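Note sheet for the following structure.
Just so it is clear, none of the values below were taken in a lab; they were calculated from the coordinates. In this text, all values refer to a predicted model and were calculated from it rather than measured experimentally. A quick note on method: Cβ atoms are made from the backbone with ideal geometry, for glycine too, and the neighbour counts reach across all protein chains shown.
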Amino acid sequence: MNLSKHLFRAPARFLMSLLFILSGVSKLTSVAQTQQYMEAYGVPGMLIWPAAALEITGGTMVLTGTFTTPVSIVLSAWCLLTAAIFHKDLTDQTQMIMFLKNMAMAGGFLVLAERATEVWSPKAATGDAEESSRGLSHNIPP
């Protein structure tokens with residue numbers, strides 16, 4: 001892979017992951033407030049723990065390039081799900097912006113999933129990372 005792809009992918013990974021890592025940490029530092037917010041939308045407050053784990057772990061994996069394709073697909077779905085639950089009042093301009101932000105992030109994660117170069121995949125160690133990023137099968141030994 002040429003240098004220009006690396007120059008774009010590193011900041012892209014950082015920017016895509018930052019929101020998730022910070023959001024997950026925020027959930028852990030304001031548990032009661034976050035649970036109250038979730039419950040106001042009909043989501044059980046106890047789901048804060050898997051949500052925080054998904055956001056921190058998923059964000060960290062995107063940042064480090066670990067299994068980027070499947071993780072990006074999961075985070076894309078997460079963006080769509082949270083938009084549908086928490087940002088569905090499109091008459092409120094703030095909620096509409098948050099909804100559109102989630103849609104844009106979902107699209108960005110799908111592009112990242114398709115274009116991913118796995119930094120920490122089995123084939124990346126052998127120099128065949130570009131080929132390894134074209135599907136989920138790169139995690140399965142031959």
* Answer rounded, prolate or oblate for segment 1-62, using the Cα gyration tensor with square roots of eigenvalues a ≥ b ≥ c: rounded when a/c is under 1.5, else prolate when a/b is larger than b/c, else oblate. => prolate
* To do: Would you order Ile73, Ile85, Ile56 from fewest to most other beta-carbon atoms within 10 Å of each residue's own beta-carbon?
  => Ile85, Ile73, Ile56
